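Notes follow once the structure below has been shown.
FYI, it's all coordinate maths here, none of it is from the lab. A quick note: this is a predicted structure, and the numbers were derived from the prediction, not measured. Here Cβ is always computed from backbone atoms with ideal geometry, including for glycine, and neighbour counts include all displayed protein chains.
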Amino acid sequence: MAKKNTKAPVSKKAAKKPKTTKNFTDFVLTISDDEEGIPDLDIDGDEDDEKTIKDTVTENKKAKTKKIAAKANKKKTEVVKDEDGTSLNPDFIFSVEDEDVVEEFNGWDFTGHDSGKVRTLVDLDGIIRRKGGLGVVASTGAKDDSAEPIDENSVEEEEDLPIENEEEGNDDEELALDGFGMGANQVEDVAVEEEAEDDPIPAQPEPEISEQVEPEDIQEPEDTAEEVNRYFDQTKNQEVNKSVHVTFQSLSLSRPVLKGLATLGYTKPSPIQSSSIPIALLGKDIVAGAQTGSGKTAAYMIPIIERLLFKPSKISATRVVVLTPTRELAIQVNDVGKKISQFVNGIEFGLAVGGLNLRKQEQELRKRPDIVIATPGRFIDHIRNSPSFSVESVEILVIDEADRMLEDGFQEELKEILTLLPGKKQTMLFSATMNNSIKDLIQLSLHKPVRIMIDPPKQAVSGLVQEFVRLRKNLDMKPALLFDILTKVNPAQQHRIVVFIARKMDAHKLRIILGLLGLKVSELHGSLTQEQRLKSITDFKNLTVPILICTDLASRGLDIPKIEVVINYDMPKTYDIYLHRVGRTARAGREGRSITFVSESNQDRAIVREAMKGIATAKNRALGRNVEWESIEKIHQLIEEKAETIGDILSEEKEEKQFLRAEMEVRKGENILHHGEEIMSRPKRTWFQSEADKKKEKQKSEQQINSKKRKRLEAQKEAGGESMYKKTRDDRTSNQKKNSTRQPSKNLMKKKLGKVKSKK
Ligand SMILES: Nc1ncnc2c1ncn2[C@@H]1O[C@H](COP(=O)(O)OP(=O)(O)OP(=O)(O)O)[C@@H](O)[C@H]1O
């Protein structure tokens, strides 16, 4: 099937010409460093090309002149402020110099991906308004809080406090299921020394061995030299370590790609891009890790586009699959790819993402787009049920957020996908955090990958200031505390703030509480429809709503420009998730702030301890945040008084939902009446896993992970590891044991791996 070219004019000759890396490199070397904008690499003298390049250079010149004029007025200070006054770190590798081309980047596009269903949504803000909310923001009347440096030496050891049982509820699937139930855990009301209440110093306790503690807390051993040799290809190390590419031109990229990058304002490759692109262009398998916001998406997308460009296919075929754990991330990656390849001739993208219109996707996939960005469940669904969609030509597989994809809920699907894709392909794994399960995946489906680890593991990005608020007996005042902080750090409501919370229902309630106090807030979690989810992100991106309350659904990958502050209302379950969450700010060399509420639970304290360890070697800082509890108390009273109104809003919302559901049923009935024959004649879809299957899988993996952890603990004890920890499993309180309802699984892969090995 011939592909339509809807892209900007680029010479057909240039696109078809078999450009070897060698002669392309030769050509690039002749270009002076002083060339403006994108170099004219038109070697065939095509007029169309000339015009395009001239236009670009003129545009670039204009942009540059504007930029220089603006910059001329600025004093060269240590911290540079960009157009909206946000701080940029001038030393950062992404920083753009005066002579470079920059275009205003307004973030990725999440619009235009509707579910295809006509649905009216309940107008919650309307209900809140009717109940007297969303008016003038209530005032705490308190002065601004200050943050003070943490003196590590003054942190005394804490006694462990009992934790109540986790209440019933369903967290988002995207949460790692390790059974802590962080948000649900309540510290019992215990007597604490009076003067400690405003103590700005978060506790730094010794971590404690617990059956439910994630491997992060038990610390996965570093890869030994023997392991590195066994799993990874070491021959490319020199190339990886060199990281000499200070321009995209020296990476021998083709002109349309360079032009796409320039349009995005990318002038220099980030370290992960500089290291990964040459290796990926060789077709090697890769396992790559670099901090949040360091440009990993482009690090895999650029070589993918290059490879497709240099090896064009005569017939339409899906040759690349990118898997992501969330729909929003898939949509974003899709947009990154489209923007980078906007000047490339005829590369088509397709989405295979849950929650969006199935039929529309089927039609798209029928055309066999070159690159398909997918979430695992929907991808399998399409392979099984979409006629004409085939994955037999897939040559490249990228697993973004690879460690997450090996966790519960995705593991079985990933295994299935690996069996459906051709065995011979290039596989690239990317994430800001990696764990030992990756090794199982390497053995299962990678061929001696090259290991590219850019930053020291387990460190938050530099440019991030991490603040901690210690909560002792005041957990019920968290909503008031949140309100207080939100109004202080963002009095004019001009900045973007993300609030992470453990439970969907709590996120929803908080939105109502804050709405009643006058704050405009969006929510983002798995209980919303896909339209609501995308609307929340778009409103937040456009600053129509400056505060986004979300679950860990949004903790990984989401790249929304200029998020100033990330608030961890509930501590995440693992330090890795903490890193991903706080990584929503301070991206691409910017500065940012995180504010984390720390309860007395061992898990909360263990994560603070990990964060503090990371700070010792990074440029970033940790601060304890002072809280004036008197003013918080007043807000708390105000919220308490609104308890009945909150209940009324929830019931009204429920009624409206029921009404809408009834309407939908009527529409469904009408549809069947009118189009019954056609609907019934459609072939029945088959499913890889039913909900019941998924539940069973989860239970099985819970048992497996428990026994795995037990073995690991025993091994650590035998190796003298117990001295590292303050307490043993037996010392745990009975309440902690109760919190074992949800646990992760990471070793189902092993089973399959066993089979693979025995086959060998
Ligand atoms: N070479 C570059 N120059 C300037 N900006 C860049 C460059 N590469 C990427 N960026 C920008 O940096 C930001 C972060 O990139 P990206 O989302 O790919 O990070 P990431 O490493 O995947 O983060 P995470 O681990 O959170 O998923 C994006 O806004 C992107 O546009």
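A few comments on the model shown:
- Modelled label positions at Val122 and Arg685, each set 7 Å beyond Cα in the direction of Cβ, lie 2.5 nm from each other.
- Among the GluC sites (Glu not before Pro) found in region 388-451, those both in a DSSP coil and sparsely packed, with 11 or fewer other Cβ atoms within 10 Å of their Cβ, are Glu392.
- Cross-link table Lys338/Lys541; Lys473/Lys562; Lys562/Lys634, entries beyond 23 Å C-alpha to C-alpha: Lys473/Lys562; Lys562/Lys634
- Extending 7 Å from Cα along the Cβ direction at Ala715 and again at Arg366 yields two label points whose distance is 5.2 nm.
- Over 28 Å apart at the Cα level, from the set Lys458/Lys711; Lys296/Lys478; Lys236/Lys268, are Lys296/Lys478.
- Taking the inverse of the mean 1/r over every pair of distinct Cα atoms in region 464-645 gives a Kirkwood hydrodynamic radius of 16.5 Å.
- For Glu348, the residues 5 or more places off, or on other chains, whose built amide H falls under 5 Å of its own are Asp370, Ile371.
- Shape call, region 227-453: gyration tensor on alpha carbons, a/c limit 1.5: oblate
- When Thr318, Thr574, Thr538, Thr235 are arranged by Cβ crowding within 10 Å, least crowded first, meaning fewest neighbours, the order is Thr235, Thr538, Thr318, Thr574.
- Charge sum, other residues only, whose C-beta stays under 10 Å from Lys520's C-beta, Lys/Arg counted +1 and Asp/Glu -1: -1
- Taking 0.36 nm per residue of sequence separation and removing the Cα-Cα distance, the Lys311/Asn436 pair yields an extension gain of 41.5 nm.
- Contour minus Cα-Cα distance for Ala643 and Met453 (0.36 nm per residue): 63.4 nm
- Theoretical gain in end-to-end length, Ala692 to Ala492 [0.36 nm per residue, Cα-Cα removed]: 67.2 nm
- Shape class of region 528-630 from the Cα gyration tensor (axes a ≥ b ≥ c, square roots of the eigenvalues): prolate, since a/c reaches 1.5 or more and a/b is larger than b/c.
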